[in-house]
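Colleague: Pasting a structure here, questions to come.
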Amino acid sequence: MEALKAVRPAISCSSSGFENHQPAPLPKVGFVKLPAPAPSLGLNGCSNARLSSVQATEESTVSFTNDRAAVFSGENCRQMATNGKATNIVWHKNSVGKHHRQELLQQKGCVIWITGLSGSGKSTLACALSQALYSRGKLTYILDGDNVRHGLNRDLTFKAEDRAENIRRIGEVAKLFADAGIICIASVISPYRRDRDACRALLPEGDFIEVFMNVPLQICEARDPKGLYKLARAGKIKGFTGIDDPYEPPLNCELVLPQNEENCASPCEMAESVISYLEEKDYLQA
Ligand SMILES: Nc1ncnc2c1ncn2[C@@H]1O[C@H](COP(=O)(O)OS(=O)(=O)O)[C@@H](OP(=O)(O)O)[C@H]1O
Ligand SMILES: Nc1ncnc2c1ncn2[C@@H]1O[C@H](COP(=O)(O)OP(=O)(O)O)[C@@H](O)[C@H]1O
(Lines give C-alpha, C1' and ligand atoms only; values in the text may rest on other atoms or scores of the structure.)
(Ligands and ions follow the chains in the order given, each with its own letter.)
Protein backbone atom coordinates (compact mmCIF):
# COMPACT_ATOMS: atom_id res chain seq x y z
CA MET A 1 0.00 0.00 0.00
CA GLU A 2 1.22 3.48 -0.84
CA ALA A 3 0.18 6.42 1.33
CA LEU A 4 0.07 9.98 0.06
CA LYS A 5 -0.09 12.71 2.69
CA ALA A 6 -2.00 15.73 1.38
CA VAL A 7 0.41 18.31 2.76
CA ARG A 8 -1.07 21.17 0.74
CA PRO A 9 -4.71 21.82 0.07
CA ALA A 10 -4.48 21.13 -3.65
CA ILE A 11 -2.71 18.01 -4.82
CA SER A 12 -3.13 16.29 -8.10
CA CYS A 13 -1.56 13.22 -9.49
CA SER A 14 -0.84 12.91 -13.18
CA SER A 15 0.37 9.82 -14.97
CA SER A 16 3.90 11.21 -14.83
CA GLY A 17 3.77 11.44 -11.05
CA PHE A 18 2.43 13.54 -8.20
CA GLU A 19 2.52 17.28 -8.67
CA ASN A 20 1.98 19.91 -6.03
CA HIS A 21 0.29 22.97 -7.46
CA GLN A 22 0.46 26.37 -5.81
CA PRO A 23 -2.69 26.62 -3.71
CA ALA A 24 -5.63 28.70 -4.83
CA PRO A 25 -6.44 31.31 -2.19
CA LEU A 26 -7.62 29.51 0.93
CA PRO A 27 -9.39 26.44 -0.42
CA LYS A 28 -11.01 24.37 2.29
CA VAL A 29 -10.20 21.10 0.64
CA GLY A 30 -8.14 19.82 -2.23
CA PHE A 31 -8.53 16.89 -4.56
CA VAL A 32 -6.36 13.94 -5.31
CA LYS A 33 -6.79 13.00 -8.94
CA LEU A 34 -5.65 9.66 -10.21
CA PRO A 35 -4.01 8.84 -13.54
CA ALA A 36 -6.30 8.11 -16.50
CA PRO A 37 -7.93 5.70 -16.99
CA ALA A 38 -9.52 6.41 -13.62
CA PRO A 39 -9.46 3.34 -11.43
CA SER A 40 -12.42 2.45 -9.30
CA LEU A 41 -12.08 4.15 -5.98
CA GLY A 42 -13.27 3.27 -2.56
CA LEU A 43 -13.85 6.23 -0.32
CA ASN A 44 -13.84 5.40 3.35
CA GLY A 45 -14.38 1.77 2.53
CA CYS A 46 -17.18 2.24 -0.08
CA SER A 47 -15.50 0.01 -2.60
CA ASN A 48 -17.94 0.31 -5.52
CA ALA A 49 -18.04 4.13 -5.84
CA ARG A 50 -16.43 5.37 -9.10
CA LEU A 51 -14.92 8.79 -8.61
CA SER A 52 -12.57 10.90 -10.67
CA SER A 53 -11.12 12.62 -7.65
CA VAL A 54 -10.91 12.14 -3.93
CA GLN A 55 -11.62 15.03 -1.62
CA ALA A 56 -8.78 15.54 0.79
CA THR A 57 -7.78 18.11 3.36
CA GLU A 58 -4.35 19.03 4.67
CA GLU A 59 -4.76 16.45 7.40
CA SER A 60 -6.04 13.79 5.03
CA THR A 61 -4.08 10.71 4.22
CA VAL A 62 -5.10 9.00 1.01
CA SER A 63 -4.10 5.40 0.72
CA PHE A 64 -3.72 3.51 -2.51
CA THR A 65 -4.07 -0.25 -2.50
CA ASN A 66 -3.73 -1.66 -6.02
CA ASP A 67 -6.39 0.34 -7.93
CA ARG A 68 -8.23 1.58 -4.88
CA ALA A 69 -7.98 4.86 -2.97
CA ALA A 70 -9.40 5.65 0.44
CA VAL A 71 -9.31 8.75 2.59
CA PHE A 72 -8.84 7.31 6.04
CA SER A 73 -8.17 10.42 8.04
CA GLY A 74 -8.89 14.12 7.77
CA GLU A 75 -11.76 16.52 8.32
CA ASN A 76 -14.25 14.65 6.16
CA CYS A 77 -13.74 11.61 8.36
CA ARG A 78 -14.40 13.50 11.60
CA GLN A 79 -13.06 10.52 13.48
CA MET A 80 -13.11 10.43 17.25
CA ALA A 81 -9.64 9.81 18.56
CA THR A 82 -7.91 8.85 21.75
CA ASN A 83 -4.59 10.56 22.25
CA GLY A 84 -2.65 9.92 25.42
CA LYS A 85 -5.16 10.40 28.23
CA ALA A 86 -7.53 12.51 26.10
CA THR A 87 -10.53 10.65 24.73
CA ASN A 88 -13.35 11.58 22.31
CA ILE A 89 -11.35 14.32 20.64
CA VAL A 90 -11.70 15.45 17.03
CA TRP A 91 -9.07 17.36 15.06
CA HIS A 92 -10.44 20.79 14.12
CA LYS A 93 -9.29 22.01 10.75
CA ASN A 94 -8.48 25.59 9.76
CA SER A 95 -8.71 26.69 6.14
CA VAL A 96 -5.64 28.91 6.60
CA GLY A 97 -2.82 26.40 6.48
CA LYS A 98 0.90 26.42 7.24
CA HIS A 99 1.62 27.02 3.58
CA HIS A 100 -0.45 30.22 3.57
CA ARG A 101 1.30 31.50 6.68
CA GLN A 102 4.68 30.75 5.14
CA GLU A 103 3.67 32.65 1.99
CA LEU A 104 2.74 35.59 4.19
CA LEU A 105 6.05 35.49 6.06
CA GLN A 106 8.22 34.52 3.07
CA GLN A 107 10.02 31.86 5.07
CA LYS A 108 9.52 28.26 6.17
CA GLY A 109 8.64 27.33 9.72
CA CYS A 110 11.19 25.11 11.42
CA VAL A 111 12.83 24.42 14.77
CA ILE A 112 16.46 25.19 15.47
CA TRP A 113 17.23 23.11 18.54
CA ILE A 114 20.37 24.35 20.32
CA THR A 115 21.69 21.82 22.82
CA GLY A 116 24.75 21.89 25.08
CA LEU A 117 26.06 22.31 28.60
CA SER A 118 25.18 25.25 30.77
CA GLY A 119 27.58 28.03 29.77
CA SER A 120 28.22 26.62 26.30
CA GLY A 121 26.71 29.69 24.65
CA LYS A 122 23.22 28.47 23.73
CA SER A 123 21.38 31.62 24.77
CA THR A 124 24.05 33.86 23.25
CA LEU A 125 23.78 32.05 19.91
CA ALA A 126 19.97 32.09 20.07
CA CYS A 127 19.99 35.88 20.52
CA ALA A 128 22.62 36.47 17.81
CA LEU A 129 20.69 34.27 15.41
CA SER A 130 17.38 35.91 16.19
CA GLN A 131 18.96 39.35 15.66
CA ALA A 132 20.65 38.38 12.39
CA LEU A 133 17.43 36.87 11.01
CA TYR A 134 15.40 39.86 12.18
CA SER A 135 17.71 42.16 10.25
CA ARG A 136 16.99 40.02 7.16
CA GLY A 137 13.25 40.42 7.75
CA LYS A 138 12.72 36.91 9.12
CA LEU A 139 10.45 36.13 12.05
CA THR A 140 11.87 34.03 14.88
CA TYR A 141 10.87 33.18 18.42
CA ILE A 142 13.22 31.95 21.13
CA LEU A 143 12.20 29.27 23.63
CA ASP A 144 14.92 29.49 26.26
CA GLY A 145 15.02 26.75 28.91
CA ASP A 146 15.63 29.18 31.75
CA ASN A 147 12.79 31.45 30.61
CA VAL A 148 10.24 28.70 29.95
CA ARG A 149 10.92 27.41 33.46
CA HIS A 150 9.68 30.78 34.75
CA GLY A 151 6.18 30.05 33.40
CA LEU A 152 4.92 27.04 31.47
CA ASN A 153 7.44 24.69 33.12
CA ARG A 154 7.68 26.24 36.56
CA ASP A 155 6.38 23.00 38.09
CA LEU A 156 9.35 20.97 36.86
CA THR A 157 12.62 20.14 38.65
CA PHE A 158 15.89 18.94 37.16
CA LYS A 159 15.27 15.24 37.85
CA ALA A 160 15.54 13.12 34.70
CA GLU A 161 11.77 12.63 34.36
CA ASP A 162 11.10 16.35 34.83
CA ARG A 163 13.80 17.27 32.33
CA ALA A 164 12.09 14.85 29.92
CA GLU A 165 8.74 16.56 30.48
CA ASN A 166 10.39 19.98 30.14
CA ILE A 167 11.77 18.98 26.76
CA ARG A 168 8.55 17.32 25.65
CA ARG A 169 6.54 20.48 26.35
CA ILE A 170 9.12 22.72 24.70
CA GLY A 171 9.15 20.38 21.71
CA GLU A 172 5.37 20.59 21.40
CA VAL A 173 5.38 24.37 21.69
CA ALA A 174 8.21 24.60 19.16
CA LYS A 175 6.16 22.45 16.80
CA LEU A 176 3.28 24.93 17.06
CA PHE A 177 5.60 27.85 16.31
CA ALA A 178 6.99 26.01 13.28
CA ASP A 179 3.44 25.33 12.14
CA ALA A 180 2.80 29.06 12.49
CA GLY A 181 5.56 29.54 9.90
CA ILE A 182 8.00 30.91 12.46
CA ILE A 183 11.66 29.96 12.79
CA CYS A 184 11.57 28.73 16.37
CA ILE A 185 14.88 28.70 18.24
CA ALA A 186 14.88 26.37 21.25
CA SER A 187 17.83 26.94 23.56
CA VAL A 188 17.82 24.17 26.13
CA ILE A 189 20.41 21.87 27.68
CA SER A 190 18.21 18.88 26.73
CA PRO A 191 20.80 16.43 28.05
CA TYR A 192 19.12 13.19 26.96
CA ARG A 193 19.32 11.97 23.38
CA ARG A 194 15.99 10.17 23.50
CA ASP A 195 14.19 13.37 24.61
CA ARG A 196 15.71 15.37 21.74
CA ASP A 197 14.93 12.57 19.29
CA ALA A 198 11.32 12.54 20.48
CA CYS A 199 11.08 16.26 19.63
CA ARG A 200 12.64 15.62 16.23
CA ALA A 201 9.99 12.98 15.60
CA LEU A 202 7.22 15.56 16.14
CA LEU A 203 8.25 17.51 13.05
CA PRO A 204 8.29 16.84 9.33
CA GLU A 205 11.60 15.53 7.96
CA GLY A 206 14.21 18.27 7.83
CA ASP A 207 12.31 20.79 9.94
CA PHE A 208 14.16 19.90 13.17
CA ILE A 209 17.65 21.32 12.96
CA GLU A 210 19.78 20.18 15.88
CA VAL A 211 22.74 22.41 16.70
CA PHE A 212 25.29 21.09 19.18
CA MET A 213 27.37 23.61 21.14
CA ASN A 214 30.47 21.44 21.43
CA VAL A 215 32.23 23.20 24.28
CA PRO A 216 34.37 21.32 26.82
CA LEU A 217 33.15 21.33 30.41
CA GLN A 218 36.33 23.13 31.54
CA ILE A 219 35.51 26.12 29.32
CA CYS A 220 31.86 26.24 30.45
CA GLU A 221 32.97 25.97 34.04
CA ALA A 222 35.59 28.68 33.65
CA ARG A 223 32.91 30.99 32.23
CA ASP A 224 30.33 30.17 34.90
CA PRO A 225 28.38 33.44 34.35
CA LYS A 226 25.72 32.55 36.92
CA GLY A 227 28.04 30.96 39.48
CA LEU A 228 26.13 27.68 39.20
CA TYR A 229 29.15 25.45 38.55
CA LYS A 230 30.78 26.83 41.68
CA LEU A 231 27.66 25.99 43.68
CA ALA A 232 27.48 22.54 42.09
CA ARG A 233 31.14 21.82 42.88
CA ALA A 234 30.49 22.91 46.45
CA GLY A 235 27.61 20.43 46.59
CA LYS A 236 25.04 23.22 46.97
CA ILE A 237 23.28 22.27 43.73
CA LYS A 238 22.64 18.56 43.28
CA GLY A 239 22.29 16.94 39.87
CA PHE A 240 23.97 19.69 37.87
CA THR A 241 24.51 18.76 34.21
CA GLY A 242 28.15 17.91 33.53
CA ILE A 243 29.05 17.71 37.23
CA ASP A 244 26.87 15.03 38.78
CA ASP A 245 24.25 14.65 36.07
CA PRO A 246 24.74 13.32 32.51
CA TYR A 247 24.93 15.09 29.17
CA GLU A 248 24.61 12.91 26.07
CA PRO A 249 26.10 14.68 23.03
CA PRO A 250 24.26 14.25 19.72
CA LEU A 251 25.51 11.43 17.50
CA ASN A 252 24.17 12.72 14.23
CA CYS A 253 23.01 16.33 14.40
CA GLU A 254 22.71 18.88 11.61
CA LEU A 255 25.36 21.30 12.91
CA VAL A 256 28.22 21.10 15.39
CA LEU A 257 29.61 24.42 16.59
CA PRO A 258 32.89 23.81 18.41
CA GLN A 259 34.54 26.20 20.80
CA ASN A 260 37.92 25.37 22.27
CA GLU A 261 41.41 26.84 22.61
CA GLU A 262 42.00 26.72 18.82
CA ASN A 263 38.49 27.52 17.71
CA CYS A 264 36.69 30.44 19.26
CA ALA A 265 34.17 31.69 16.72
CA SER A 266 32.18 34.71 17.81
CA PRO A 267 28.42 34.42 18.40
CA CYS A 268 27.83 36.37 15.16
CA GLU A 269 30.02 33.97 13.19
CA MET A 270 28.13 31.03 14.64
CA ALA A 271 24.81 32.65 13.78
CA GLU A 272 26.04 33.04 10.20
CA SER A 273 26.87 29.31 10.07
CA VAL A 274 23.30 28.51 11.05
CA ILE A 275 21.94 31.02 8.54
CA SER A 276 24.06 29.46 5.77
CA TYR A 277 22.48 26.12 6.62
CA LEU A 278 18.98 27.63 6.52
CA GLU A 279 19.71 29.28 3.17
CA GLU A 280 21.13 26.08 1.73
CA LYS A 281 18.03 24.16 2.81
CA ASP A 282 15.70 26.86 1.48
CA TYR A 283 14.12 27.86 4.80
CA LEU A 284 14.53 31.60 4.24
CA GLN A 285 11.95 31.72 1.46
CA ALA A 286 8.40 30.44 1.23
N1 LIG B 1 20.70 21.02 38.04
C2 LIG B 1 20.81 21.81 36.98
N3 LIG B 1 21.36 21.36 35.83
C4 LIG B 1 21.45 22.15 34.77
N5 LIG B 1 21.02 23.45 34.74
C6 LIG B 1 20.46 23.95 35.86
C7 LIG B 1 20.33 23.14 37.02
N8 LIG B 1 19.73 23.91 37.95
C9 LIG B 1 19.50 25.11 37.44
N10 LIG B 1 19.93 25.14 36.17
C11 LIG B 1 19.71 26.31 35.28
O12 LIG B 1 18.66 25.90 34.41
C13 LIG B 1 19.02 26.11 33.06
C14 LIG B 1 18.74 24.87 32.22
O15 LIG B 1 17.39 24.69 32.00
P16 LIG B 1 16.90 23.74 30.84
O17 LIG B 1 15.43 23.79 30.88
O18 LIG B 1 17.58 24.14 29.59
O19 LIG B 1 17.45 22.32 31.31
S20 LIG B 1 17.05 20.88 30.78
O21 LIG B 1 17.00 20.95 29.31
O22 LIG B 1 15.74 20.53 31.32
O23 LIG B 1 18.08 19.97 31.26
C24 LIG B 1 20.49 26.40 33.02
O25 LIG B 1 20.60 27.47 32.10
P26 LIG B 1 21.75 27.56 30.98
O27 LIG B 1 22.98 27.92 31.76
O28 LIG B 1 21.29 28.65 30.09
O29 LIG B 1 21.88 26.25 30.28
C30 LIG B 1 20.86 26.73 34.44
O31 LIG B 1 20.95 28.13 34.57
N1 LIG C 1 31.07 32.34 21.11
C2 LIG C 1 31.42 32.74 22.33
N3 LIG C 1 32.69 33.08 22.58
C4 LIG C 1 33.04 33.49 23.82
N5 LIG C 1 32.21 33.58 24.88
C6 LIG C 1 30.94 33.23 24.67
C7 LIG C 1 30.48 32.79 23.39
N8 LIG C 1 29.16 32.49 23.48
C9 LIG C 1 28.83 32.75 24.76
N10 LIG C 1 29.88 33.18 25.48
C11 LIG C 1 29.88 33.54 26.90
O12 LIG C 1 29.68 32.34 27.63
C13 LIG C 1 28.83 32.56 28.73
C14 LIG C 1 27.67 31.59 28.66
O15 LIG C 1 26.87 31.89 27.54
P16 LIG C 1 25.32 31.57 27.54
O17 LIG C 1 24.83 31.98 26.21
O18 LIG C 1 24.67 32.16 28.73
O19 LIG C 1 25.35 29.97 27.68
P20 LIG C 1 24.18 28.97 27.96
O21 LIG C 1 22.89 29.60 27.50
O22 LIG C 1 24.54 27.75 27.18
O23 LIG C 1 24.21 28.74 29.43
C24 LIG C 1 28.41 34.01 28.68
O25 LIG C 1 29.19 34.74 29.59
C26 LIG C 1 28.71 34.43 27.26
O27 LIG C 1 29.06 35.79 27.17
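Colleague: So what's the stretch 108-281 giving for Rg/Rh, alpha carbon basis, Kirkwood Rh from the mean inverse pair distance?
Modeller: My calculation of the ratio gives 0.95.
Colleague: Spin-label point model (7 Å from Cα, Cβ direction): what's the L152 to A201 distance in nm?
Modeller: 2.0 nm
Colleague: What does the charge add up to near G239, with Lys and Arg as +1, Asp and Glu as -1, over the other residues with Cβ less than 9 Å from its Cβ?
Modeller: Spelling it out: positives minus negatives among the neighbours equals 0.
Colleague: Search the structure for amide H atoms under 5 Å from the amide H of Y141, placed 1.01 Å from N in the peptide plane, and list their residues when 5 or more places away or on another chain.
Modeller: HN-HN under 5 Å from Y141: I183, C184, I185.
Colleague: I'd like to check one number: the per residue accessible area of the stretch 108-281, probe 1.4 Å, reported in Å² as a whole number.
Modeller: 49 Å²
The values are calculated or read from the model by the stated rules, or taken from the named source; none is laboratory data. Since we're looking at a predicted model, the values are computed, not measured. All Cβ positions, glycine included, derive from the backbone under ideal geometry; neighbour counts span all protein chains shown. We work out accessible area using only protein heavy atoms, side chains counted, and drop any ligands, DNA or RNA first. Shrake-Rupley method; radii C 1.70, N 1.55, O 1.52, S 1.80 Å.
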